[in-house]
Amino acid sequence: MTDPPRSATGSHHFLLSFFLPLRDLHPNGPPPMPSALVADALLPASDAPPPVEGCDDAALVGRALAGDPLAEAQIYRRHARALGNLAARLLGSRADAEDVVQETFVTALERLADLRDPACLRPWLTRVTVSFAQKRLRKRRLLRWLGLDRTESDLPLDGLAGDAMPADRRAELARVVALLDTLPAPERVAWTLHRVEGETLEAAAAACGCSLATVKRRIAAVEARLDRHLEPPR
């Protein structure tokens, strides 16, 4: 998380304020660790390298690149929870989110040498997570078009609303969620990162792997559709 969502006009922004700050979807810890990391981290005490808990991300990356399995496991423990929450809110499915987190860390640790600035580990992991989430959203949209989608959305955004939200506003938020489900993955993800996750436009663009102008255009397209979708009948 970076800056909190900026205030804006439009009823959908008012609705979102009811469930921000976002609820931790993994209050008991991060999603399950990939089995390969578990196996590598279970070293005999005599073979274990120095402790990693006090290391910053740059130091962890350096140790992981040198083959330290404890550093790899610490990278997972430090970042998996936040990335799991992000994936869950992007996908609306706890099972899909856990799969994305697994895919993210297996891929990221295999490609850790591609990270140019080790201090930027978290933004890089976020971008990998977003990429996998977008792939699942595209596949889900295609399957839905074919009538074959069987995804169980057990974590829709309207389910994250606070208890104080009135029934009419909760129903309106459900309409927002229904519209988001029809959008192309790049637009949905860009809007969710900025308006729900509270990422700055620059951070959202970096996570989506696109230019600032492109992410602004995607967000504006979603908000134009939301304004039309939520416009009261005349």
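Observations on the model:
- Residue ID - nearest to GLY198 (Cα to Cα), chosen from residues in the stretch 85-98 that are among the small types (Gly, Ala, Ser), crowded, with 22+ Cβ neighbours inside 10 Å and in contact with a Leu (Cβ under 7 Å, 6 or more places away or on another chain): ALA88
- Selection of first residues in the stretch 181-209 that are in a loop (DSSP other than H, G, I, E, B) and of second residues that are surrounded by 23 or more Cβ atoms within 10 Å (Cβ to Cβ), restricted to Cβ pairs under 6 Å at least 6 apart or on distinct chains, gives the following pairs, ordered by first then second residue: GLU199/LEU193.
- Among residues of the stretch 207-225, those that are in contact with an Asp or Glu (Cβ under 9 Å, 6 or more places away or on another chain) and among the aliphatic types (A, V, I, L, M), counted: 6
- No other residue among ALA221, ALA207, ALA185 is modelled with pLDDT of 90 or more, over 19 Å from SER131 (Cα atoms), surrounded by 16 or more Cβ atoms within 10 Å (Cβ to Cβ) and among the small types (Gly, Ala, Ser) apart from ALA221.
- Cβ separations smaller than 7 Å between residues 6+ apart or across chains give no pair from the stretch 107-132 residues that are within 22 Å of GLU199 (Cα to Cα) and not assigned by TED's automatic domain parsing to the domain that holds ALA87 to residues that are modelled with pLDDT of 95 or more and not hydrophobic (A, V, I, L, M, F, W, C).
- Residue match in the stretch 174-192 (condition: farther than 20 Å from LEU91 by Cβ, touching a helix residue (DSSP H, G or I) at 6+ places or on another chain (Cβ under 9 Å) and not basic (Lys, Arg)): no
- Qualifying helices (runs of 4 or more DSSP H) (wholly inside the stretch 1-102; at least 2 residues being modelled with pLDDT under 60 and closer than 30 Å to GLU231 by Cα): 11-16
- Near pairs, Cβ below 7 angstrom, 6+ apart or cross-chain, from the stretch 67-82 (assigned by TED's automatic domain parsing to the domain that holds ASP56) to any residue that is of a type in the set (Lys, Arg) and part of a helix (DSSP H, G or I): ALA71/ARG63; HIS79/ARG122
- The lone criterion from (1) surrounded by 20 or more Cβ atoms within 10 Å (Cβ to Cβ); (2) at pLDDT below 90; (3) within 18 Å of the chain's Cα centre (by Cα); (4) in the same structural domain as ARG225 (by TED's automatic domain parsing) left unmet by LEU173 is number (3).
The values are calculated or read from the model by the stated rules, or taken from the named source; none is laboratory data. In this text the structure is predicted, and so the values were computed from the model without any measurement. Because the Cβ atoms are built from the backbone with ideal geometry, glycine has one as well, and the counts that use them run over all protein chains shown.
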